[in-house]
Amino acid sequence: MVIVKRKELTLAERLYLPEILRGLSITLRKMFVKRATRQYPEEPLVTTEVTRGQPRLAVNTDGTVRCVSCGMCEAACPAYAITIDGHETERPIEREPERFEIDMLRCILCGFCEEACPKEAIWMSDELELADYTRGALVYDLEKLKRPVSALQPRIDYIKKINDRWRTSSSTS
């Protein structure tokens, strides 16, 4: 049998005074540090081209949507948030979405739709605010999703830049 000899605690140690004083010193130091609290909504979040906000459909300068209703984004969506119904057109593009909906309550902002789109029609925007009074208002239809290409250009340039990184490195080897 092993006997362990315990250290005798002083009165201060038995009353946890060193720990209390250490905790109070940390609290006092932190009270005078500049706060990092953002005063939202007066002070909005800073966004960059890397920000992956809500998905949006790119609209060309002539007002046509780039989407050809191929369904790739719908198939790639892990949350099943995207619904597309396409129809034929008279234009050379042949197909366009008749109905394109994204249920923003289901969307997890993963960006898989952006990666799957072969026509560069859907992009993650820098729009982050997502609030409304009814569930139905958060099912975005074609009109709510449309954005001009110029509004999405920083994100488009960023994605092309990171994809070019792979093209140039694979072509040199």
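Numerical summary
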| item | result |
| --- | --- |
| Residue within the stretch 4-17 that is in a helix (DSSP H, G or I) and surrounded by fewer than 11 Cβ atoms within 10 Å (Cβ to Cβ) present | yes |
| Qualifying positions in the stretch 76-86 - under 16 Å from Gly111 (Cβ atoms), buried (at least 16 other Cβ atoms within 10 Å of the Cβ) and touching a helix residue (DSSP H, G or I) at 6+ places or on another chain (Cβ under 8 Å) | Ala76, Cys77, Ile82 |
| Helices (runs of 4 or more DSSP H) contained entirely in the stretch 80-173, each with at least 2 residues that are over 18 Å from Leu57 (Cβ atoms) | 149-172 |
| Close pairs (9 angstrom Cβ cut-off, 6 or more residues apart or separate chains): within 15 Å of Ala121 (Cα to Cα) in the stretch 152-165, among the β-branched types (Val, Ile, Thr) and assigned to a helix (DSSP H, G or I) anywhere | Ile156/Val149 |
| Breaking point among (1) farther than 19 Å from Asp141 by Cα; (2) out of contact with any Cys (no Cβ under 9 Å at 6 or more places or on another chain); (3) of a type in the set (A, V, I, L, M, F, W, C), for Val68 | (1) |
| Any hit, the stretch 64-77, residues being of a type in the set (A, V, I, L, M) and modelled with pLDDT under 95 | yes |
| Pairs with Cβ under 7 Å, 6+ apart, first in the stretch 84-107 and free of Cβ contacts under 8 Å to residues at least 40 places away in the same chain and closer than 16 Å to Cys70 by Cβ, second of a type in the set (Gly, Ala, Ser) and assigned to a loop (DSSP other than H, G, I, E, B) | Ile84/Ser69; Ile84/Gly71; Gly86/Ser69; Arg95/Ser69; Glu96/Ser69 |
| From the options Asp126, Asp132, residue that is closer than 27 Å to Pro41 by Cβ, surrounded by fewer than 14 Cβ atoms within 10 Å (Cβ to Cβ) and within 20 Å of the chain's Cα centre (by Cα) | Asp132 |
| Subset of the stretch 61-75 [in a loop (DSSP other than H, G, I, E, B), buried (at least 17 other Cβ atoms within 10 Å of the Cβ) and β-branched (Val, Ile, Thr)] | Val68 |
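The values are calculated or read from the model by the stated rules, or taken from the named source; none is laboratory data. Just so it is clear, the structure is predicted and the values come from calculations on it, not from any experiment. Cβ atoms come from the backbone with ideal geometry, glycine included; neighbour counts cover every protein chain shown.
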